[in-house]
Amino acid sequence: MTNEVHQLKQSLNYQEQYLRRDRVDIKGIPVKSKEDTDEIVQNVAEAVNIKIDKADISVSHRLFKHTYSQAARNGRENGNRNSFYPPLIVKFTGRNIRDNLYHARKWLKEVTTSDLYLGLERAPPNRVFITESLTKSNKELFKETLAVKRQCHKAELSDISGVLEAFMNT
């Protein structure tokens with residue numbers, strides 16, 4: 001019975017992750033009243049030289065949850081501003097558009113919110129991050145794998161389309 005429950009949980013997690021294949025999360029951008037989240041996505045894409053039209057975006061919105069308030073308090077306590085800005089959830093009309101933006105995320109290393117022309121002059125400049133939209137259990141697995149990577153200094157980590165793979169270098 002427990003094996004069957006485990007298999008059902010794995011199957012459900014796989015299906016949930018599959019439904020997220022056209023999505024990314026954009027983190028580190030302060031909330032602005034009456035913001036146009038599609039425009040923010042376009043500005044982030046432009047910062048990494050990717051052209052995205054509004055028609056390429058199926059839906060975009062902030063992730064506001066009750067649990068996010070706790071993360072915001074924890075972020076303030078830890079001095080991490082990015083942890084208390086609700087992320088933008090973006091679903092694209094095609095996976096290739098999502099993949100282009102996701103793979104260009106490495107160019108965001110030098111980009112801050114002040115470079116995006118979002119009208120956030122009062123907010124301090126933050127780094128912007130693009131991450132895969134992972135299910136809760138895949139996020140936990142990713143965190144655990146990342147901790148092992150940091151601990152061993154020999155691991156390589158890849159998270160392509162929500163499928164986590166860890167390779168130990170020999």
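The values are calculated or read from the model by the stated rules, or taken from the named source; none is laboratory data. Values in this document were obtained by computation on a predicted structure and should not be read as measured data. What goes into the accessible areas is simple: the full protein's heavy atoms, side chains included, and nothing from ligands, DNA or RNA. Shrake-Rupley method; radii C 1.70, N 1.55, O 1.52, S 1.80 Å.
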Report task. Give the accessible area for Glu140 in Å² (nearest 10); use a 1.4 Å probe, count only protein heavy atoms, and leave out ligands, DNA and RNA. Result -> 90 Å²
**Report entry** Rg and Dmax of region 1-59, Cα atoms only, in Å
**Finding:** 17.5, 52
Report task. Provide Tyr18, Tyr85, Tyr117, Tyr102 ordered by accessible surface of protein heavy atoms (probe 1.4 Å), highest first. Result -> Tyr117, Tyr18, Tyr85, Tyr102
Query raised in the report: In the structure shown, do any of Lys27/Lys139; Lys32/Lys136; Lys32/Lys109; Lys32/Lys54 have a Cα-Cα gap over 21 Å, and if so which?
Result: Lys32/Lys136; Lys32/Lys109
